[in-house]
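The values are calculated or read from the model by the stated rules, or taken from the named source; none is laboratory data. Since the model is a prediction, treat every value here as computed from it, not as a measurement. Here the Cβ positions follow ideal geometry from the backbone for every residue, glycine too, while neighbour counts run over all protein chains shown. Quick note on the areas: whole protein, heavy atoms, side chains included, nothing else; ligands and nucleic acids left out. Shrake-Rupley method; radii C 1.70, N 1.55, O 1.52, S 1.80 Å.
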Amino acid sequence: MQSGISASQELVSQFSDFLASDSHFGLLVTISAEKLQPLQLLTSSPGASFADNVNSLLKPHIKPNEALYVILRRYPSSPALLGVTYVPDTAPVRQKMLFASTERTLVRELGTEHFRETFFATTPEELTPAGFDKHDAHSAIEAPLTEEERSLGAVRKAEQEAGQGTGTREIHLSQNLATPIAEDALDALKELGSGSGRSLVMLKINPQTESVELVPDNSNPSSVAELLQVISSTEPRFTFYRFTHTHNGEESSPLLFFYTCPASPGTKAIKFRMMYPLMKRAVLAAAEKEAELKPLKRFEVEEVDELSEATVLEELHPKVEVKKAFGRPKRPGR
């Protein structure tokens, strides 16, 4: 679900210092040595406005090709903090993935109760006084709904879904985790699990609804090479594949899981890189819970062309190195 990276003790300590004094305007955080590490504490000058601090303290640290977590003292009352995950399009691909998939860990480990808001930024312009003003205006338009408005919205959504016949069901994986998955996606997974002849199910995430959907495809690849031809090379995919093959005269049909997330520029790609790692565990858990599907092997790559039938077969049937027995030399005269 997450990247496996956690907050360092140094970060926890410096965050405590940050909270202890209103003179601290911000805290910059990075990822180093597989840990969330403090980069710099930003201290405000007496009487400086938020815009002044952004220009004088934050702006010098915003690079066009380097990801960064920015924690700012933004609001006069508690919770007073704003968290920004800054991941520019030109940042290295691995850095993009790490920062996108670790954002929730950062907020959770420092304490969600301290953060009034978090958002994602991809350009330096978004972290300027004008950029924050634009974000505030956008947030005001999407102001939190009242309980009555939320109830009405839920009714309208239910009516709309009933009218359109869009079957989406929330799969409750635990007390606090529910994943919306389209009914046809669940049906396809169950069909794959039943052994009725289906060998392939590809899933994607709808970025608007954040629900898991079935990728329409009637392919029935007979090899990994054929499979790789149908997996998208431009958008992420969760792929379940029943690989029927013969090795050393024995036929087997292991279930394989492929997570591919191609590197492509743009805000949509950044959002995908944030959503897919978080949803991967949920998809696997739902497949096991709803369709009794448990992959024998999992393959996680960025580009589809990083995979091949040879690499898959090597994972399934690793070569066993046969060590030659050491022959003891004969005694002289025997």
Query raised in the report: When ligands, DNA and RNA are left out and all protein chains stay put, how many square angstrom of accessible area per residue does the stretch 1-90 have with a 1.4 Å probe?
Result: 46 Å²
Query raised in the report: In the stretch 51-100, what percent of the accessible surface is made up of carbon and sulfur (1.4 Å probe, ligands and nucleic acids excluded)?
Result: 54 percent
Query raised in the report: What nm value, rounded to one decimal, do you get for the distance between Asp22 and Ser308 when each label is placed 7 Å out toward the C-beta?
Result: 6.4 nm
Report summary line: The answer for GluC sites (Glu not before Pro) in the stretch 38-145 that fall in a DSSP coil and have at most 10 neighbouring Cβ atoms within 10 Å is Glu142
Query raised in the report: Using Cα-only point scatterers and the Debye equation, what is log10 of I(q)/I(0) for the stretch 23-99 at each q in 0.22 Å⁻¹, rounded to two decimals?
Result: -1.03
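I'd like the carbon and sulfur percentage of the solvent accessible area for the stretch 194-268, probe radius 1.4 Å, heavy atoms only, ligands and nucleic acids excluded. Intermediate results must be reported in sequence, preceding the final value.
Numbers: 1540 of 3540 Å².
Whole-percent figure for carbon plus sulfur exposure: 44.
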Report task. State the extension gain, in nm to one decimal, for the chain segment bounded by Glu210 and Leu296, taking 0.36 nm per residue of separation less the distance between their alpha-carbons. Result -> 28.2 nm
